[in-house]
Amino acid sequence: MTTLSATLSAEIDAHGCRTYPEECVGALIGSCDRSSVSFSIEQLLPLDNSSAENRRRRFSIAPTEYLAAEKAAAAAGKRLIGFYHSHPDHPACPSATDLSFAMPHFVYIIVSIEGKEGAPRAGDVGAFILNHTGAEFTTDELIRGDL
C-alpha cells in the first residue's frame, strides 16, 4: 500500500501539466515498511528530465539528480522510496521501457496527463512495484487524500 496526501498528489498532477507534452519526473521521499511493503510519501522532489530521446515518451534521471534526491531524503531524516513520472496522452500504466529501468524496493507512481482538449489536465494515476522476480510490475494500492 502507498499513501500520498491530497496536497502531494495535486503537486504531481501540476508538475505533469507544467511539463506537458513532455514527461515529468520526480523523486518520492518518505518512509517504508519492507515487511508489509507499505510506503508513505511525505515529500516530493521534482527532477529534470534529462532524456536525450523523445521526451514525450521517455524520461531519464541524471546521476547528479539521483544523488540530490538521496541527499534531500537524508537531510529530511527520510528515505528515497521511489519516483513518479507522467505519461502524456497515455494511460497511467508502466511501459516496457519503465520496466527495463525499474529498480527493486522502490514504488513508482505514474500519472496520465491529457492535453487533447485544450489545457493539460491530470487523469488516472497508479502506483506500481517491481515484483520479486524483477520481470514485471504489480499494481500497488494507492491511497490518495489526507488521512
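The values are calculated or read from the model by the stated rules, or taken from the named source; none is laboratory data. Since the model is a prediction, treat every value here as computed from it, not as a measurement. For neighbour counting, all protein chains shown are included, and Cβ atoms are generated from backbone atoms with ideal geometry for every residue, glycine included.
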Just for the stretch 95-147: of the residues that are of a type in the set (Phe, Trp, Tyr) and either more than 22 Å from Ser40 (Cα to Cα) or assigned to a strand (DSSP E or B) (or both), which one is nearest to the chain's Cα centre (by Cα)? Tyr108
Give all pairs with beta carbons closer than 7 Å in which a residue from the stretch 59-87 that is touching a residue at least 12 places away in the same chain (Cβ under 8 Å) meets a residue that is part of a helix (DSSP H, G or I); count only pairs at least 6 apart in sequence or on separate chains. Arg79/Ala73; Leu80/Ala69; Leu80/Glu70; Leu80/Ala73; Tyr84/Ile12; Ser86/Gly16; Ser86/Thr19
When you look at Ala69, is it more than 19 Å from Val125 (Cβ to Cβ), of a type outside the set (Asp, Glu), at pLDDT 95 or above and within 14 Å of the chain's Cα centre (by Cα), yes or no? yes
Scan the stretch 98-114 residue by residue and report those that are touching a residue at least 12 places away in the same chain (Cβ under 8 Å) and either loosely packed, with under 14 Cβ neighbours inside 10 Å or at positive phi (or both). Met103, Pro104, His105
Which number in (1) among the β-branched types (Val, Ile, Thr); (2) under 20 Å from Pro104 (Cα atoms); (3) surrounded by fewer than 13 Cβ atoms within 10 Å (Cβ to Cβ) marks the one condition that Thr3 misses? (3)
